């Protein structure tokens with residue numbers, strides 16, 4: 001899987017562009033900047049945006065190519081992000097460390113998804129905010145992107161179950 005993402009991010013062009021995800025941008029506008037984490041951040045567009053808005057920004061991904069591009073983008077935008085190469089498979093975050101965790105189109109097999117979502121809950125400070133955007137099961141019938149495997153898509157019931165200890169909006 002790591003090689004797949006390194007290959008995808010190896011070109012000079014940013015696969016998902018350099019502008020932040022609109023949903024993330026709108027959600028961050030309503031929060032006071034503090035400490036934020038971006039797991040599976042890819043090429044860094046969202047982490048760089050958060051840093052430009054005053055957030056102390058940590059990110060990680062398994063792709064060294066993604067990290068290179070993220071740090072290059074941060075340099076171009078004049079911001080600093082702490083970006084590590086790390087896999088979600090063995091991610092064990094420091095408890096109650098982040099005011100916000102952003103999962104933007106992080107699609108995972110069920111067993112890993114549940115494990116990662118529990119790690120997100122662990123990483124959030126009391127009162128912290130999770131920002132999650134992902135494709136639903138309904139995406140299978142559409143041609144606008146996202147995984148084409150049902151096991152990588154989400155239902156509201158899965159999200160509610162995985163994050164049952166958080167207040168969902």
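The values are calculated or read from the model by the stated rules, or taken from the named source; none is laboratory data. Model, not experiment: these values are computed from the prediction. Note: ideal-geometry Cβ built from the backbone for every residue, glycine included; neighbour counts use all protein chains shown.
Observations on the model:
- Of the residues 34, 90, the single one that is without any contact (Cβ under 8 Å) to a residue 40 or more places away in the chain, within 20 Å of residue 123 (Cβ to Cβ) and out of contact with any helix residue (DSSP H, G or I) (no Cβ under 9 Å at 6 or more places or on another chain) is 90.
- The range 67-84, subset in contact (Cβ under 8 Å) with a residue 24 or more places away in the chain and in contact with a strand residue (DSSP E or B) (Cβ under 7 Å, 6 or more places away or on another chain), residue nearest to residue 44 (Cα to Cα): 70
- Single match in 66, 54, 78, 44 (criterion: surrounded by fewer than 16 Cβ atoms within 10 Å (Cβ to Cβ) and under 23 Å from residue 12 (Cβ atoms)): 78
- Those helices (runs of 4 or more DSSP H) of the range 1-90 in which 2 or more residues are closer than 16 Å to residue 102 by Cα and modelled with pLDDT of 95 or more occupy 22-28, 45-52.
- Condition check for residue 17: on the phi > 0 side of the Ramachandran plot and touching a helix residue (DSSP H, G or I) at 6+ places or on another chain (Cβ under 6 Å): no
- Any chance residue 147 is part of a loop (DSSP other than H, G, I, E, B) and modelled with pLDDT under 90: yes
- Verdict on residue 101 being part of a strand (DSSP E or B) and modelled with pLDDT of 95 or more: yes
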